[in-house]
1. How large is the charge dipole for the chain, taken about the Cα centre, if only the Cβ atoms of Lys, Arg (+1) and Asp, Glu (-1) carry charge, to the nearest 20 debye?
2. If I model a spin label as a point 7 Å beyond the Cα along the Cα-Cβ vector, how far apart are those points for residue 24 and residue 40 in nm?
3. What value, in deg cm²/dmol to 500, does the helix sum -39500 (n - 2.57) over DSSP H runs of n ≥ 4 give at 222 nm once divided by the residues of the chain?
4. Using only alpha carbon positions, build the gyration tensor of the range 5-62, then give the equivalent ellipsoid semi-axes as the square roots of 5 times its eigenvalues, largest first, whole angstrom.
5. Along the charge dipole of the range 5-62, which of 20, 43, 57 sits closest to the positive end, that is, farthest toward it, with unit charges on the beta carbon of Lys, Arg, Asp and Glu (+1, +1, -1, -1)?
6. Count of lysine pairs in the chain with Cα atoms under 16 Å apart, counting only pairs 8 or more residues apart in sequence or on different chains?
7. Which of the chymotrypsin sites (Phe, Trp or Tyr not before Pro) across the range 23-55 are loop residues per DSSP, with 16 or fewer other Cβ within 10 Å?
Amino acid sequence: MKNNKKPALAYLAIGLLLVVLSPIISRYLALPDFLKGFLNGSGLMLEVIGLVTLQSLKKNKQCL
């Protein structure tokens with residue numbers, strides 16, 4: 001059986017990195033508010049996509 005859990009975990013990891021790194025980057029570089037909000041929103045969107053993917057795999061019992 002193929003492991004379909006990897007893309008969902010990648011979405012979660014990338015989303016967490018975007019959310020965590022945007023305040024750190026904005027501390028050292030002057031980022032406009034639009035870019036900070038875009039990075040935070042994109043990170044949260046990727047986290048939600050990862051969670052929904054994991055839930056659908058769990059519901060279909062494709063991952064343990």
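Values quoted throughout were computed directly from the atomic coordinates according to the rules given, and no laboratory measurement underlies them. Quick caveat, the model's predicted, so the values are computed rather than measured. Cβ sites come from the backbone with ideal geometry, for glycine too, and all protein chains shown count toward neighbours.
1. Details: 8 positive and 2 negative charges, 89 e Å.
So the dipole magnitude of the chain works out to roughly 420 debye.
2. Simple spin-label model gives 1.8 nm for this pair.
3. Details: 2 runs with 51 residues, N = 64.
Result for the chain, helices only: -28500 deg cm²/dmol.
4. Over the Cα atoms of the range 5-62, the semi-axes work out to 29, 10, 5 Å.
5. Farthest towards the positive end: 57.
6. Details: 2/58; 2/61; 5/58; 5/59; 5/61; 6/58; 6/61.
Lysine pair count for the chain: 7.
7. Answer in residue order: no site qualifies.
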